[in-house]
Protein chains: 4
Amino acid sequence: MRKSKTSLIFQAAIDVFSEKGFDKATMDDIAARANVAKGTIYYHFKSKEELFLFLVEEGVEMLRDGVESKLLDDMHPREKIELILREQISFFGQYRDFCVILLRESWGAEDRQLEFRKMIRSYMSLIEGVVREGIEADTFHSVNAENAGSALFGMAAIASLHILLGKGEYDEEQLFSDLKRMALAGLVK
Amino acid sequence: MRKSKTSLIFQAAIDVFSEKGFDKATMDDIAARANVAKGTIYYHFKSKEELFLFLVEEGVEMLRDGVESKLLDDMHPREKIELILREQISFFGQYRDFCVILLRESWGAEDRQLEFRKMIRSYMSLIEGVVREGIEADTFHSVNAENAGSALFGMAAIASLHILLGKGEYDEEQLFSDLKRMALAGLVK
Amino acid sequence: MRKSKTSLIFQAAIDVFSEKGFDKATMDDIAARANVAKGTIYYHFKSKEELFLFLVEEGVEMLRDGVESKLLDDMHPREKIELILREQISFFGQYRDFCVILLRESWGAEDRQLEFRKMIRSYMSLIEGVVREGIEADTFHSVNAENAGSALFGMAAIASLHILLGKGEYDEEQLFSDLKRMALAGLVK
Amino acid sequence: MRKSKTSLIFQAAIDVFSEKGFDKATMDDIAARANVAKGTIYYHFKSKEELFLFLVEEGVEMLRDGVESKLLDDMHPREKIELILREQISFFGQYRDFCVILLRESWGAEDRQLEFRKMIRSYMSLIEGVVREGIEADTFHSVNAENAGSALFGMAAIASLHILLGKGEYDEEQLFSDLKRMALAGLVK
DNA sequence: AATGAATGAGAATTCATTCAT
DNA sequence: TATGAATGAATTCTCATTCAT
C-alpha cells in the first residue's frame, strides 16, 4: 500500500510501452502490470496518448535536469562535453526502457511525435549551447552547433542502445572513453 | 499495364508504411494506394508482417550496397569514413521516409524488430571494418571498433533526421563537413 | 448555504437531463453542475433511474396540478378546453427542457418508460374527462373521448415544441388562437 | 440466402432501435438480430449514427411519398386533409416501430436530431401547403399554416401511438373519424 | 452526511485475414 | 490470378455504482 496508484501505473506504463511500443501496448496490458483496474488508469490519465506523453515528458526532463544540474559555469567546454557524454551514457544504462521508447516513438508526423521531438530538441539545445560556447572561446572548431548537438546526442544514444539491446555487457567506461575520443579528439591520430 | 501487381503493391507499401508506421498503416490503405483489391495483396504476400519485412530488407540492402560498391580497396581509411558519411547523409536525404521506418521500427523484442536490428548491424559492421582497418594501420586511435561503428551510424542518422523532420533546409554539404570534422578531427582544436 | 443538497441535485439533474437526455447525461455531469461529489448523489437517490423518475414525476404533477387548479366546476366545457390548451402552451414555453425530456423518454418498453406513459396518461385523462362532459352535455360532437384527449395533448405538444426547437419566436397568443380554432371550430369555415 | 446482408441489417436495426432507442441499442444487438457479424454492419454502414440516419431517412421518405403520391391536384383541400390523416394513421399502424423511433429521437440538440427534425419538417410542410391552399380558396379559416401543419401531424402521431403502445385495439376507422371531425369540423357542435 | 478514488462490465469501432466466386 | 464481402478478435474509452474514510 506504499505506492500511489498513479506511480504504479506510471511504472507499469514504462515497462509495457518500452516492451511493445506505443501502438502495440494496450491499456489492458498496463492495467494488468500495475495490478489496477483499467478504469483506474482512465481516472488518472485522460487517454493512452496523455499517459504516454506524461511519461516521456518526465523522462526527458530527468535526463536534462540531471545533466544541467551537474554543469558548472566554470567548467571548460571540453569538460562539459565530457560530462554530457558520461551522463547520457549512464542515463541510457539506467533507463534503458525509457530510452527505447524515446528512439522508437519520436519519428513521424503525429502530434505526439512532434511533441516528443520538441522535448528532445530542448535537450539537444543544451548540448548546442556548450558547443557554441566552445567555438566562441576558440577552443572548438567552428561547426554548425545544431548539427553538433544532434550528432553528439545521436552518437551516444545509438551506441548505447546498440549495446544494451545486443547481448554484450554494457561497459560504460569503454563506451565513454571511445565516444569522448571520437567527439573531442577525432578518430585520426 | 506495364507494372506488375507485385511492384505496384511494393511501391504503395513504402509510401503508406513510411507515412503512418507499421501499426497505423492498414492493408486497406495499401490496397487503395496500389489500386488493387485487398485480397490481391494476400495473393502476393503472406501477411502484413511479411510485406513489411521484405520492404525493409530491400531498403537496407540498398544502403549497404550503395556504400559497399563505392568503397575501393586502395582508399585510405580516413577517405573510407568520409565516403561512408557522405553516402549515408545522401541516402537519408533521398529516402527520408524509409529511414524513418528504420529508426521507428527497429527497437523492441518482436521477431520483426530483431530481424531489423540484424540488418542494421550488418551495415554497421561494414563501418566497423573500416575503423578496425584504420586502427591496424595505426592511422586511427585505438577505440572499440563496434562502438565506433554504431556511434558513426548513429551520429549521421540522428543528425540527418533531426534536420529532415525539422523545418530547415537539408544542407548536405554543411552536415557532411561538420560530421567529418567531429568524427575524424574532433571538436577540440 | 440556503439550499439543501437534495434540491441542488434536483435542479442540476433537470438541467443536465434536458440538455443531454437520459442516456447521454452522466452522474458526473450532474454532480459537477450541483457542485456536489458524485457519492453524494447516491446518498440521496438510489440510482440514476430513480433520480430521473422522481424528476419526471414532479414535472408531470406540476403540469397536471397547474391545469387542475384552474379548472372550475362551473366552466363551460368549451371554456375548459380553451383553458387546458392555454395552460399547456404556457407550460411548454416555460419548461421547454422538461417537455423535451417527456417526449423523448416516454416511448419504449422499459419500466421507466411505462411509468412515464402512465403519468402522461393521467394528464390526458383529465382532458378526456372534459371532452366526455361536453359530449354528455350535448355541446361536443360524439367522439371517442380517449382519442380526443390524446389528440388534443399531442397537437399542443408537438406544435409547441416545433416552434420552441426551431428558431422562431414563441408566439403563444397566435398558437393558442390557432389551436383553439382547430380543436373547437375546425378548419373548415 | 434470398436477402442481401444490407437489408437484413436494415430490418434488424429498425427492430432494435425501436425497442431500445438509439442510445440503448447496441451494435451487438443489431448484429445478433440480423444474424451477421458485427464487422459486417461496419462494412455496410460507416457508424451507428449513419445506420440510424439512413433508416430514418428511408422511413420519412416513405411516409411523405405515400401521401404525396395520393394527393391529386383536383382534390378539395378538405379532402386532402382527410387523405393525409387517413394515410398517416395507416402508416403509423403499419410501421409502429419506426414511428416510435421518430417520436423518440427527434428532440434534442445533437446533429442527428436536428437532421431528423428537418426531415419531419419536410413532411409537415406538405400539410402546411394544403392548409394554405384551403385558406386561399377561402374554404379554411385563416390560421397560421405552420402551426396548423405541426398540430395536425402531432395530433395524429400522438393519438396513434397512444393507442398502439397501450393495450387496446388499433381501430383505424374510429380514430380517423374522430381526428377528421376535430380537425375539420371542431369539437363544438 | 459527504466524499471521490477505484472498479469492471460494456460500448463503438478497427482491421488483418479468409474464402467463395 | 484477382476480387471484395464477411468475419470476429482485439482495442480504446465510458460511466453507473460502490465503499473506505
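The values are calculated or read from the model by the stated rules, or taken from the named source; none is laboratory data. All figures in this text were calculated on a predicted structure; none of them were measured in a lab. All Cβ positions, glycine included, derive from the backbone under ideal geometry; neighbour counts span all protein chains shown. For the accessible areas, the whole protein counts, side chains as well, though only heavy atoms, and no ligand, DNA or RNA atoms are used. Shrake-Rupley method; radii C 1.70, N 1.55, O 1.52, S 1.80 Å.
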Helix A:145-165 axis, angle to chain A major axis (alpha carbon atoms, nearest 10°): 60
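Using R₀ = 45 Å, calculate the FRET efficiency as 1/(1 + (r/R₀)^6) where r is the Cβ-Cβ separation of C:L164 and A:E61; round to 0.05. Provide the component values of the computation, followed by the final result.
Numbers: r = 54 Å, r/R0 = 1.19.
E(calc), rounded to 0.05, equals 0.25.
Which of rounded, prolate, oblate describes the range C:106-172, given a ≥ b ≥ c as roots of the alpha-carbon gyration tensor eigenvalues and a/c under 1.5 marking rounded, otherwise prolate only if a/b is larger than b/c?
Numbers: a/c = 3.16, a/b = 1.24, b/c = 2.55.
Oblate, since a/c reaches 1.5 and b/c is not below a/b.
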Cα centre as origin, Lys/Arg/Asp/Glu Cβ charges: the protein assembly as shown dipole, Debye: 820
With Cα atoms, 0 to 90° folded angle of helix A:77-94 axis to chain A main axis: 30
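Can you divide the C-alpha Rg of the protein assembly as shown by 2.2 N^0.38 Å and report the result to two decimal places? All intermediate terms of the calculation are to be shown ahead of the outcome.
Values: Rg = 38.1 Å, N = 756, 2.2 N^0.38 = 27.3 Å.
After normalising by residue count via 2.2 N^0.38 Å, the value is 1.40.
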Centroid-to-centroid separation of the range B:152-168 and the range B:101-137 [C-alpha atoms, Å]: 17
Ascending list, in nanometres, of distances separating the C:G168 label from those of the other copies (7 Å, Cα toward Cβ): 3.1, 6.6, 8.3
Sorted largest first, extent of chain A alpha carbons per principal axis (Å): 58, 34, 33
Neighbouring partner chain Cβ atoms per residue of B:133-143, average, 10 Å criterion: 3
C-alpha long axis of helix C:48-70 to longest principal axis of chain C, angle in °: 30
³J(HN,Hα) computed for each position of the range B:22-38 - Karplus, 6.51 cos²θ - 1.76 cosθ + 1.60, integer Hz, glycine/proline x: 4, 6, 6, 6, 10, 5, 5, 3, 5, 4, 4, 4, 8, 6, 9, 6, 4
Environment charge at D:G166 (Cβ cut-off 11 Å; Lys +1, Arg +1, Asp -1, Glu -1): +2
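For an R0 of 35 angstrom, estimate the FRET efficiency from the Cβ-Cβ distance between D:S125 and B:T40 and round to the nearest 0.05.
0.10
Take every residue in peptide C:105-114, count the Cβ atoms of other chains within 10 Å of its Cβ, and give the average of those counts.
Details: counts 3, 5, 11, 9, 6, 4, 0, 0, 3, 1.
If you average over the peptide's residues, the count of other-chain Cβ atoms is 4.
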Cβ charges +1 (Lys, Arg) and -1 (Asp, Glu), total dipole of the range A:118-177, debye: 340
Whole-Hz ³J(HN,Hα) from phi, Karplus 6.51 cos²θ - 1.76 cosθ + 1.60, for the range D:126-143, glycine and proline x: 5, 4, 3, x, 5, 4, 4, 4, x, 5, 5, 7, 6, 8, 9, 4, 7, 10
For the range D:48-137, alpha-carbon Rg over 2.2 N^0.38 Å: 1.17
Partner chain coverage, peptide D:16-24 - average Cβ within 10 angstrom: 3
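Assuming R0 = 35 Å, what is the FRET efficiency of C:T139 and D:D97, from their Cβ-Cβ distance, to the nearest 0.05?
Details: r = 39 Å, r/R0 = 1.11.
So the FRET efficiency works out to roughly 0.35.
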Selection of GluC sites (Glu not before Pro), the range A:1-110, meeting DSSP coil and at most 15 other Cβ within 10 Å: A:E110
Difference of contour (0.36 nm per residue) and Cα-Cα distance, C:E172 to C:S90: 28.8 nm
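Go ahead and estimate [θ] at 222 nm for chain D from helices alone: -39,500 (n - 2.57) per DSSP H run with n ≥ 4, summed, over the residue count, rounded to 500. Mind dumping the intermediate values first?
Values: 9 runs with 142 residues, N = 189.
It lands at -25000 deg cm²/dmol.
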Contact surface A-B: accessible area buried, both sides summed, square angstrom, 1.4 angstrom probe: 5000
Paramagnetic reach from C:K3 in the range C:19-34 [backbone N under 18 Å; point 7 Å along Cα→Cβ]: C:19-20, C:26-34
The protein assembly as shown, accessible area per residue, ligands and nucleic acids excluded (1.4 Å, Å²): 45
Size of charge dipole - the range D:1-45 - debye, nearest 20, with Cβ of Lys, Arg +1 and Asp, Glu -1, no other charges: 220
Listed pairs A:K167/B:K48; C:K24/C:K118; C:K24/D:K180; A:K38/D:K3; B:K3/B:K180; A:K46/C:K24 exceeding 31 Å between Cα atoms: C:K24/D:K180; A:K38/D:K3; B:K3/B:K180
At 7 Å out from Cα toward Cβ: D:L114 inter-copy label distances (nm, ascending): 2.8, 3.8, 5.6
Label point 7 Å beyond Cα of A:H76 along Cβ direction - residues of the range A:150-189 with amide nitrogen under 14 Å: A:184-185
